[in-house]
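Working notes for the structure below.
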Amino acid sequence: MPSALNPISFVVTCLAGWLSEHQQRFIDYLTEENRVLREQIGDKRLRFTDDQRRRLAARAKALSRSALEQVATLVSPETLL
């Protein structure tokens, strides 16, 4: 039986697509939330604790610079990397 017609492969592919779409909605929401927060604080400089800096840097390390430029609206990519 060809893998394209395998019902299990079809279900797994559909589930993976749904999960990806679901995750993208979360990412879109959090990106917009960051934009709103940035609008509220304006040009004020944010003060992070050392623990907060470490946590942000650890998450940023897994992303590319271009990805950070799209989502990191509270902290510049240069600061994170």
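Nothing in this text is a laboratory measurement; each read-out follows from the coordinates by a stated rule. Owing to the predicted nature of the structure, the values given are computational and were not obtained by experimental measurement. Backbone-built Cβ (ideal geometry, glycine too); neighbour counts: all protein chains shown.
Under the criterion of Cα pairs below 8 Å and six or more residues apart, the relative contact order for the chain equals 30 percent. Return the loop-located trypsin sites (Lys or Arg not before Pro) in the chain (DSSP other than H, G, I, E, B) with at most 12 other Cβ atoms within 10 Å of their own Cβ; answer none if there are none. Here the trypsin sites (Lys or Arg not before Pro) that fit, given the DSSP loop and packing criteria, are Lys44, Arg45, Arg47. Quick check on region 38-81: take the gyration tensor over C-alpha atoms, sort the square-rooted eigenvalues as a ≥ b ≥ c, and tell me if it's rounded (a/c under 1.5), prolate or oblate. Note, shape of region 38-81 comes out oblate. Each residue of region 52-66 was assigned a 3J(HN,Hα) from its phi angle through the Karplus expression (A = 6.51, B = -1.76, C = 1.60, θ = phi - 60°), giving 5, 4, 4, 5, 5, 5, 5, 6, 5, 4, 7, 10, 7, 4, 5 Hz with x at Gly and Pro. Which label belongs to the value computed from this structure, given these candidates for Cα extents along the principal axes in Å: (1) 39, 27, 24; (2) 50, 26, 19; (3) 61, 24, 21? Correct label, based on the coordinates given: (3). Label positions at Ser20 and Leu46, each projected 7 Å from the Cα along the C-beta direction, are separated by 2.9 nm.
The angle between the Cα long axis of helix 7-41 and the main principal axis of the chain comes to about 10°, on a 0 to 90 degree scale.
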